[in-house]
Amino acid sequence: MDAKKLIKTAVKAAPFVAATVGVFSLALSKYEERQENFSREFPEIQDELKMAISEVRAQNGN
């Protein structure tokens, strides 16, 4: 495959690759939220967020 064809194919595939990476990133973020790991979305307030969640759970009896 010559260079022009390779570049053309890469340009056509780029949006699909970007979308796939975005979906996997979102899925990983949701998985980490379920595991109570908020460092990806809220790195500076992770400890305070965990504490607030545990307080609400204690109040609700969970």
Pairs only if they're at least six apart or on different chains, beta carbon under 7 angstrom, first in segment 44-61 and surrounded by 10 or more Cβ atoms within 10 Å (Cβ to Cβ), second of a type in the set (S, T, N, Q) and modelled with pLDDT under 90; list them, first residue then second. Gln46/Ser39
Restricting to segment 3-62, give me the number of residues that are polar (S, T, N, Q) and not in a helix (DSSP H, G or I). 4
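The values are calculated or read from the model by the stated rules, or taken from the named source; none is laboratory data. This structure is a prediction, so every number in the text was calculated from the model and none was measured. Virtual Cβ from ideal backbone geometry, glycine too; neighbours counted across all protein chains shown.
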